[in-house]
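Here's the structure we're looking at; comments come further down.
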Amino acid sequence: MHNPHDPFRELCTLAAGGLLTPEETRTLHEHLAHCESCRAFYDEMCALHRLLQLSVPESFE
């Protein structure tokens, strides 16, 4: 079953890691402006990314 939000959730995941092009960033932010569900997912992905960055030992950076 295909969820119409799947492409935006993929963009959220990539955005959390700073991996989007400017065009993809625009597309995502336009969608997030009116989609509460994807906004919440984006916030979760950003929080997870920050947490993962904190858990990586300095010797691996």
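Worth pointing out:
- The residues of segment 26-38 that are surrounded by fewer than 15 Cβ atoms within 10 Å (Cβ to Cβ) and either touching a Gly at 6+ places or on another chain (Cβ under 6 Å) or part of a helix (DSSP H, G or I) (or both), listed by number, are 26, 29, 30, 36, 37.
- Filter result (in contact with a Phe, Trp or Tyr (Cβ under 9 Å, 6 or more places away or on another chain) and either touching a residue at least 60 places away in the same chain (Cβ under 8 Å) or closer than 11 Å to residue 38 by Cα (or both)) within segment 1-18: 5, 8, 9, 11, 12, 13
Every read-out reported here was derived from the displayed coordinates using simple, explicitly stated rules and does not represent laboratory data. Because the structure is predicted, anything quoted here is derived from the model rather than measured. Ideal geometry is used to build each Cβ from the backbone, glycine not excepted, and the neighbour counts take in all protein chains shown.
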